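Heads up, the thing below is written out as structure tokens.
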Amino acid sequence: MIEPGSGWPEDAATTDTPVATNAAEVVWLADGAAGDLTELSARSSVCRACPRLVAWREQVAADRRRAFADQPYWGRPVPGWGDPRPRLLIVGLAPAAHGGNRTGRIFTGDRSGDWLFASLHRLGVAVRPTSEHAGDGQRLLGTRMVAAVRCAPPDNKPTTDERDICQHWLRAEVETVNDTIRAVVALGGYAWQAALRVLGQIGYRIPSPRPAFGHGATVELIAADQGRGSAGGGTERPLLLAGSYHPSQQNTFTGKLTEPMLDAALRRATDYAGLPDPDSASGG
């Protein structure tokens, strides 16, 4: 496991970063960092609130896969990454055990990430077609990535308690970038439900019945204090939630998800968000 402050590229944490060890501390530390992406990334990246996830991520980092036996593993929660003022937010399930849990960057170092970054590059919002490791020069333009659960879970299946605890980190991050985001892409049904929950928590009206996930599904959401016009002091600014099948090997190997399908789902969101935009080139 990589210790905070050891010089790992893109690691925002230091030896002084406060560590959450239970659900109450997650709430307190996430709420306290809302509005500051750097501090939020640092605090979320050292979280130890879920014993099962901590044990699993660190075991994977110690045992390692043979192909990566000579590489250090991050072995910590993987924070959100990308443009600090995104118009597009991409939500996934959780880091892969030998992907993000190894590299310390979401969707980096595994086949799912290969598909996702290649698509984002084709659409003009990633400067490179691959994301191999932290500090490799990859940047996202007007786009940011987050995971619903920030630790790699056994069998890619977080428990309900783990999901609910980690949701506070997700909510704080979405709330922090809410002023700039125009579209959210949920990769898979788990991410779709997570996105709906946190968007509802920060003030967006969620239709009833709740919109169902599907590849290509879209729904426009309006914040509760928006859409009233000048008389009410609000300005309507809808947010698009778009769904795509997750680019997992289970989906890509079987043809359930193809490159044109992924491009189309992401293009709908980038077009809605007004991307690519040369003025968004400050992403990281």
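Yes/no matrix, rows are residues, columns are (1) under 24 Å from SER41 (Cβ atoms); (2) in contact with a Phe, Trp or Tyr (Cβ under 9 Å, 6 or more places away or on another chain); (3) free of Cβ contacts under 8 Å to residues at least 12 places away in the same chain:
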{"site": "ALA134", "(1), (2), (3)": "yes, yes, no"}
{"site": "GLN138", "(1), (2), (3)": "yes, yes, no"}
{"site": "VAL146", "(1), (2), (3)": "yes, yes, no"}
{"site": "GLN193", "(1), (2), (3)": "yes, yes, no"}
{"site": "GLY203", "(1), (2), (3)": "yes, no, no"}
{"site": "ILE206", "(1), (2), (3)": "no, no, no"}
{"site": "PRO209", "(1), (2), (3)": "no, no, yes"}
{"site": "VAL219", "(1), (2), (3)": "no, no, no"}
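Condition check ((1) crowded, with 23+ Cβ neighbours inside 10 Å; (2) farther than 27 Å from ARG267 by Cβ) across all residues:
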residue	(1), (2)
LEU120	yes, no
ALA126	yes, no
HIS133	no, yes
ARG139	no, no
ARG144	yes, no
ALA148	yes, no
HIS168	yes, yes
ARG182	no, no
ALA191	yes, no
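Of all the residues that make up region 101-111, how many are of a type outside the set (A, V, I, L, M) and part of a loop (DSSP other than H, G, I, E, B)?
Start the filter on region 101-111 by keeping residues that are of a type outside the set (A, V, I, L, M), which leaves 101-105, 107-111.
Next cut, part of a loop (DSSP other than H, G, I, E, B) only: 104-105, 107-110.
Count: 6.
Is it the case, given these coordinates, that ASP114 is crowded, with 17+ Cβ neighbours inside 10 Å and either on the phi < 0 side of the Ramachandran plot or in a loop (DSSP other than H, G, I, E, B) (or both)?
Numbers: crowded, with 17+ Cβ neighbours inside 10 Å: yes; either on the phi < 0 side of the Ramachandran plot or in a loop (DSSP other than H, G, I, E, B) (or both): yes.
Judged against the criteria, ASP114 is a match.
Need pairs with beta-carbon distance below 6 Å; first residue without any contact (Cβ under 8 Å) to a residue 24 or more places away in the chain and within region 24-40, second part of a helix (DSSP H, G or I); sequence gap 6+ or separate chains.
LEU29/ARG43
Looking at (1) under 20 Å from ALA30 (Cβ atoms); (2) more than 17 Å from the chain's Cα centre (by Cα), find the lone condition where PRO207 falls short.
Result: PRO207 passes all but (1).
Tell me, yes or no, whether region 59-66 has at least one residue that is part of a loop (DSSP other than H, G, I, E, B), surrounded by fewer than 15 Cβ atoms within 10 Å (Cβ to Cβ) and over 19 Å from the mean Cα position of the chain (by Cα).
Yes.
What number goes with the only condition from (1) more than 22 Å from VAL27 (Cβ to Cβ); (2) polar (S, T, N, Q); (3) touching a residue at least 60 places away in the same chain (Cβ under 8 Å) that THR176 does not pass?
Every condition holds for THR176 apart from (1).
Residues in region 32-47: is at least one surrounded by fewer than 15 Cβ atoms within 10 Å (Cβ to Cβ), among the aliphatic types (A, V, I, L, M) and at pLDDT 95 or above? First the steps, then the outcome.
Restricting attention to region 32-47, the residues satisfying the condition of being surrounded by fewer than 15 Cβ atoms within 10 Å (Cβ to Cβ) are 32, 35-36, 38.
Adding the requirement that they be among the aliphatic types (A, V, I, L, M) leaves none.
Checked region 32-47: no residue is surrounded by fewer than 15 Cβ atoms within 10 Å (Cβ to Cβ), among the aliphatic types (A, V, I, L, M) and at pLDDT 95 or above.
State whether the residues of region 88-110 include one that is farther than 13 Å from VAL78 by Cα, among the charged types (D, E, K, R), touching a residue at least 40 places away in the same chain (Cβ under 8 Å) and touching a helix residue (DSSP H, G or I) at 6+ places or on another chain (Cβ under 9 Å).
no
Would it be correct to say that ARG48 is over 20 Å from VAL177 (Cα atoms) and not in a loop (DSSP other than H, G, I, E, B)?
Details: over 20 Å from VAL177 (Cα atoms): yes; not in a loop (DSSP other than H, G, I, E, B): no.
No: the conditions fail for ARG48.
Being at pLDDT 95 or above, closer than 24 Å to LEU29 by Cβ and in contact with an Asp or Glu (Cβ under 6 Å, 6 or more places away or on another chain) is the requirement here; does ARG171 meet it? Break it down into steps so the answer makes sense when it comes.
Values: at pLDDT 95 or above: yes; closer than 24 Å to LEU29 by Cβ: yes; in contact with an Asp or Glu (Cβ under 6 Å, 6 or more places away or on another chain): no.
So ARG171 does not fit the description; no.
What are the pairs with Cβ atoms under 7 angstrom where one residue, in region 72-84, is in a strand (DSSP E or B) and the other, located anywhere, is of a type in the set (Ser, Thr, Tyr)? Sequence gap at least six, or different chains.
So the pair list comes out as GLY82/THR143.
Within region 124-145, can one find any residue that is touching a Pro at 6+ places or on another chain (Cβ under 9 Å), at pLDDT 95 or above, in a helix (DSSP H, G or I) and more than 27 Å from ASN22 (Cβ to Cβ)?
There is no residue in region 124-145 that is touching a Pro at 6+ places or on another chain (Cβ under 9 Å), at pLDDT 95 or above, in a helix (DSSP H, G or I) and more than 27 Å from ASN22 (Cβ to Cβ).
Select, from VAL146, VAL177, VAL219, VAL184, the only residue that is farther than 28 Å from GLN249 by Cα, in contact with a strand residue (DSSP E or B) (Cβ under 8 Å, 6 or more places away or on another chain) and not hydroxyl-bearing (Ser, Thr, Tyr).
On the way: VAL146 fails: farther than 28 Å from GLN249 by Cα; VAL219 fails: farther than 28 Å from GLN249 by Cα; VAL184 fails: farther than 28 Å from GLN249 by Cα.
Testing whether each residue is farther than 28 Å from GLN249 by Cα, in contact with a strand residue (DSSP E or B) (Cβ under 8 Å, 6 or more places away or on another chain) and not hydroxyl-bearing (Ser, Thr, Tyr) leaves just VAL177.
For region 161-194, give me each residue that is among the polar types (S, T, N, Q) and over 17 Å from ARG210 (Cβ atoms).
Applying the first criterion (among the polar types (S, T, N, Q)) to region 161-194 yields 167, 176, 178, 180, 193.
Once the filter is applied, which keeps residues that are among the polar types (S, T, N, Q) and over 17 Å from ARG210 (Cβ atoms), region 161-194 yields THR176, ASN178, THR180.
The values are calculated or read from the model by the stated rules, or taken from the named source; none is laboratory data. Since the model is a prediction, treat every value here as computed from it, not as a measurement. Cβ sites come from the backbone with ideal geometry, for glycine too, and all protein chains shown count toward neighbours.
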